[in-house]
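S.K.: Here you go, one structure.
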Amino acid sequence: MSPSDAPARWQAVWAGRGWRARLLWPLSQVYGLLFALRKRRYLSGRLPVATMPVPVVVVGNVVVGGAGKTPTTLAVLEHLKSAGWHPGVVSRGHGRQGHAVLELHPGTAAVDGGDEPVLIRRKAGVPVFVGRRRADAARALLAAHPEVDVLVCDDGLQHLALGRDVSIAVFDDRALGNGWLLPAGLLREPWPPAADDPLAPQLVLCQGREGGPHGDIPIPPGTRAFFAARRLADHAVDGHGTRRDLRSFAGQTLVAVAGIARPEVFFQMLRERGLVLSQALALPDHADAGAFAALPRSPSATVLCTEKDAVKLLDVVGLRPASERPAVWAVPLELRIEPAFFEALDRRLAGCGHGARLSSPDGHETT
């Protein structure tokens, strides 16, 4: 199995309960036991939970990769800013070099900050700190930016060492897959959580392609579920911020590249817009710069990529001689979330007291 086709093959394994998944099922039971023991140690106080002096909103996936966590984080940040909050973001910075706490700036390279945090910093324009220990990153952020009055923890649903006031679980059209835990299935943790689980997410956001189905998942008692439609934007953006109508690429020879959990979804969305792809290069999620070596080395070539890939690809192409630089255009993903989701988030934050908690003391809202 090559690195490029490994994600698709794993997705196929996790979609059903075939012999490969059944073969891995015993390992998933071990994984589940270890997860439960770790969770119990945090809940019992044997492992410390860091609390912050401002509310903490955690956004994460219950399923492996590609469920729409980063677009959700960006949408939450935009809403918080419009509501008068001054948000900051903490993340581990998956795929970056080093583990020390680092503040990201608009020019921070993906290799130093991680592709997703770099994208969030550039698009949202809010303080972003990365660190292996998110609590350390949170403390550093608040010390450097005392104006920040709410923290958003990107990809932190299973990171129990940082207390949270609101947690948001994101699902996509894969729903629960075969319903089994890793490595036999998609699930990072058991779902649905028990009714008395204090760490159960308060909000669930089910995403699906525009005009397509949303994932059908069981919602635990007291948890509110909302829906969002995903679509490609009607434009693409180059490294200088220039916008170009996506329809203008029709009839051109195009190369598409995606280093995300499910690259084929991006390629199919481009084709549905009437674009013909002469090459579709699927890369592993969080692929490093070397993975882009297969891209054309001609200034007449046009490359379409995701925004997440652009934060790395533009740096790679920029190091080439001018005679070997293709035109690179990133196609944004738009997420249209129903307004009731943000209303529920506002109510949660309004009920937060001083300091973060593992879960809100006023219980879960009912649907």
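The values are calculated or read from the model by the stated rules, or taken from the named source; none is laboratory data. Note that the structure is predicted; figures quoted are calculated from it, not measured. When we count neighbours, we look across all protein chains shown, and the Cβ atoms used for this are built from the backbone with ideal geometry, even at glycine.
S.K.: What residue, among those in segment 25-66 that are part of a strand (DSSP E or B) and among the aliphatic types (A, V, I, L, M), is farthest from Arg92 (Cα to Cα)?
M.R.: The qualifying residue farthest from Arg92 (Cα to Cα) is Val63.
S.K.: Condition (residue is more than 28 Å from Glu343 (Cβ to Cβ), surrounded by fewer than 17 Cβ atoms within 10 Å (Cβ to Cβ), over 19 Å from the mean Cα position of the chain (by Cα) and modelled with pLDDT of 95 or more) applied to segment 106-116: is it met by at least one residue?
M.R.: Looking for residues that are more than 28 Å from Glu343 (Cβ to Cβ), surrounded by fewer than 17 Cβ atoms within 10 Å (Cβ to Cβ), over 19 Å from the mean Cα position of the chain (by Cα) and modelled with pLDDT of 95 or more, one finds none in segment 106-116, hence no.
S.K.: Sort through Ala75, Ala67, Ala36, Ala83 and tell me the only one that's in contact with a strand residue (DSSP E or B) (Cβ under 9 Å, 6 or more places away or on another chain) and modelled with pLDDT of 95 or more.
M.R.: Of the residues listed, the single one that is in contact with a strand residue (DSSP E or B) (Cβ under 9 Å, 6 or more places away or on another chain) and modelled with pLDDT of 95 or more is Ala75.
S.K.: Could you count how many residues in segment 97-115 are closer than 19 Å to Leu283 by Cα and either aromatic (Phe, Trp, Tyr) or in contact with a strand residue (DSSP E or B) (Cβ under 7 Å, 6 or more places away or on another chain) (or both)?
M.R.: Counting residues in segment 97-115 that are closer than 19 Å to Leu283 by Cα and either aromatic (Phe, Trp, Tyr) or in contact with a strand residue (DSSP E or B) (Cβ under 7 Å, 6 or more places away or on another chain) (or both) gives 1.
S.K.: Then there is this: Can you work out which of the residues in segment 86-97 that are modelled with pLDDT under 90 and not small (Gly, Ala, Ser) is surrounded by the fewest Cβ atoms within 10 Å (Cβ to Cβ)?
M.R.: At the first step, the residues of segment 86-97 found to be modelled with pLDDT under 90 are 93-97.
This time we only want the ones that are not small (Gly, Ala, Ser), so: 94, 96-97.
Numbers: His94: 14, Arg96: 24, Gln97: 12.
Selected residue: Gln97.
S.K.: Criterion first (within 16 Å of Leu199 (Cα to Cα) and either loosely packed, with under 14 Cβ neighbours inside 10 Å or not β-branched (Val, Ile, Thr) (or both)) does Gly45 satisfy it?
M.R.: yes
S.K.: Which residue out of Cys305, Cys352 is closer than 29 Å to His94 by Cβ and modelled with pLDDT under 90?
M.R.: Cys352
S.K.: Check Arg164, Arg134 and return the single one that is in the same structural domain as Leu203 (by TED's automatic domain parsing), buried (at least 20 other Cβ atoms within 10 Å of the Cβ), touching a Lys or Arg at 6+ places or on another chain (Cβ under 8 Å) and more than 19 Å from His286 (Cα to Cα).
M.R.: Arg164
S.K.: Could you tell me which residue of segment 112-133 is farthest from Val90 (Cα to Cα), considering only residues that are touching a helix residue (DSSP H, G or I) at 6+ places or on another chain (Cβ under 8 Å) and among the small types (Gly, Ala, Ser)?
M.R.: Only one residue tops the list, namely Ala124.
S.K.: A further question on this structure: Of the numbered conditions (1) touching a helix residue (DSSP H, G or I) at 6+ places or on another chain (Cβ under 6 Å); (2) more than 20 Å from Ala289 (Cβ to Cβ); (3) not in a loop (DSSP other than H, G, I, E, B), Thr70 fails exactly one; give the number of that condition.
M.R.: The one condition Thr70 does not meet is (2).
S.K.: Can you find even one residue in segment 65-74 that is out of contact with any Pro (no Cβ under 9 Å at 6 or more places or on another chain), outside the structural domain of Phe226 (by TED's automatic domain parsing) and touching a residue at least 40 places away in the same chain (Cβ under 8 Å)?
M.R.: no
S.K.: Test of understanding: among Leu319, Leu254, Leu295, which residue is buried (at least 17 other Cβ atoms within 10 Å of the Cβ) and either out of contact with any Leu (no Cβ under 8 Å at 6 or more places or on another chain) or modelled with pLDDT of 90 or more (or both)?
M.R.: Answer to the selection: Leu254.
S.K.: As an exercise: evaluate Ala100 against (1) surrounded by 15 or more Cβ atoms within 10 Å (Cβ to Cβ); (2) modelled with pLDDT under 95; (3) outside the structural domain of Pro192 (by TED's automatic domain parsing) and give the number of the one condition it does not meet.
M.R.: Only one criterion is unmet by Ala100, namely (1).
S.K.: Here is a follow-up. Right, Val54: surrounded by fewer than 24 Cβ atoms within 10 Å (Cβ to Cβ), more than 18 Å from the chain's Cα centre (by Cα), not charged (D, E, K, R) and not assigned by TED's automatic domain parsing to the domain that holds Gly239 or not?
M.R.: yes
S.K.: Keeping to segment 309-331, report how many residues are in a strand (DSSP E or B), small (Gly, Ala, Ser) and farther than 11 Å from Arg297 by Cα. Break it down into steps so the answer makes sense when it comes.
M.R.: Restricting attention to segment 309-331, the residues satisfying the condition of being in a strand (DSSP E or B) are 327-330.
Going one step further and asking which of them are small (Gly, Ala, Ser), we end up with 327, 330.
Checking the rest, the ones that are also farther than 11 Å from Arg297 by Cα come to 330.
Going through segment 309-331 one residue at a time, the tally reaches 1.
S.K.: Kindly state which strands (runs of 3 or more DSSP E) lie completely within segment 127-219 and contain at least 2 residues that are in contact with a strand residue (DSSP E or B) (Cβ under 8 Å, 6 or more places away or on another chain) and over 15 Å from Pro55 (Cα atoms).
M.R.: Filter on segment 127-219 gives 128-130, 166-171, 203-209.
S.K.: Any residue in segment 339-364 that's in the same structural domain as Pro48 (by TED's automatic domain parsing): show its pairings with residues that are modelled with pLDDT of 50 or more and small (Gly, Ala, Ser) at Cβ separation under 7 Å, as long as the two are six or more apart or on different chains.
M.R.: Within 7 Å, the pairs are Asp346/Ala83.
S.K.: Would you pick out the residues in segment 223-252 that are touching a Ser or Thr at 6+ places or on another chain (Cβ under 6 Å) and assigned to a loop (DSSP other than H, G, I, E, B)?
M.R.: Going residue by residue through segment 223-252, those that are touching a Ser or Thr at 6+ places or on another chain (Cβ under 6 Å) are 224, 252.
Matches in segment 223-252: Gln252 only.
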